[in-house]
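First comes the structure, then the notes that go with it.
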Amino acid sequence: MNNALPDPAPLAPPLHFNALITPHRSLSSRGFAILIGIVATVNFTAGILFMAQGAWPVFGFCGLEVLLVWWAFRANYRAARAHETVQLSDEELRVRRVDQKGNARAF
C-alpha cells in the first residue's frame, strides 16, 4: 500500500523494538567540498600541462571529469534520503520504507 501520509499512529505499548535504518555515508559535506577541490585542482593542473604541450582538447575532458565526479556524489547523497523504520510490539510488526523521493510504503 502506498502511504503518502506522515507516520501512522504509534504502536500499542510495550514497544519491544524501534529502529530507524538509514544508508551510511562516510563522507561529510565538508569532506565532499575538500575532495571536489582537490579533484578540480589536479585536473586543472593536468589540463594546463596538456594544453602547453598542444593537446588543448584534453583540458575540456578534465573539466568534464570534475563535473561527472560532482554529479556522482550528489546522486549518491540524494539516494541517502531513503530510510526504513522497523517497529515491533506484542501485537504487530510494522515496516515503513521511504524512498529518496519521499514516497512511503508500510507493511
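Worth pointing out:
- Charge dipole (the chain, unit charges on Cβ, about Cα centre) - positive-most of P23, C62, G37: C62
- Tilt relative to the chain, helix 57-79 - C-alpha long axis, 0 to 90 degrees, to 10: 10
- Degrees between helix 29-52 axis and first principal axis of the chain (Cα, 0 to 90, nearest 10): 20
- Within the set [x] 22.6, 73; [y] 14.0, 41; [z] 19.4, 61, the number that Rg and Dmax of the Cα atoms in Å takes when calculated for this structure is listed as [x].
- 5 Å-binned pair-distance histogram of the range 24-79 (Cα, whole percent): 4, 20, 25, 19, 13, 10, 7, 3, 1
- Ranked packing of 73-83, 13-23, most packed first, by mean Cβ within 10 Å: 73-83, 13-23
- Helix-only mean residue ellipticity at 222 nm for the chain, each DSSP H run of n ≥ 4 adding -39500 (n - 2.57), per residue, nearest 500: -15500 deg cm²/dmol
- Applying 1/(1 + (r/R0)^6) with r as the Cβ-Cβ distance of T41 and A72 and R0 = 22 angstrom yields a FRET efficiency of 0.75.
No value in this document is a laboratory result; all are computed from the given coordinates. Note that the structure is predicted; figures quoted are calculated from it, not measured. Methodologically, a virtual Cβ is constructed for each residue, glycine included, from the backbone with ideal geometry; neighbour enumeration extends over all protein chains shown.
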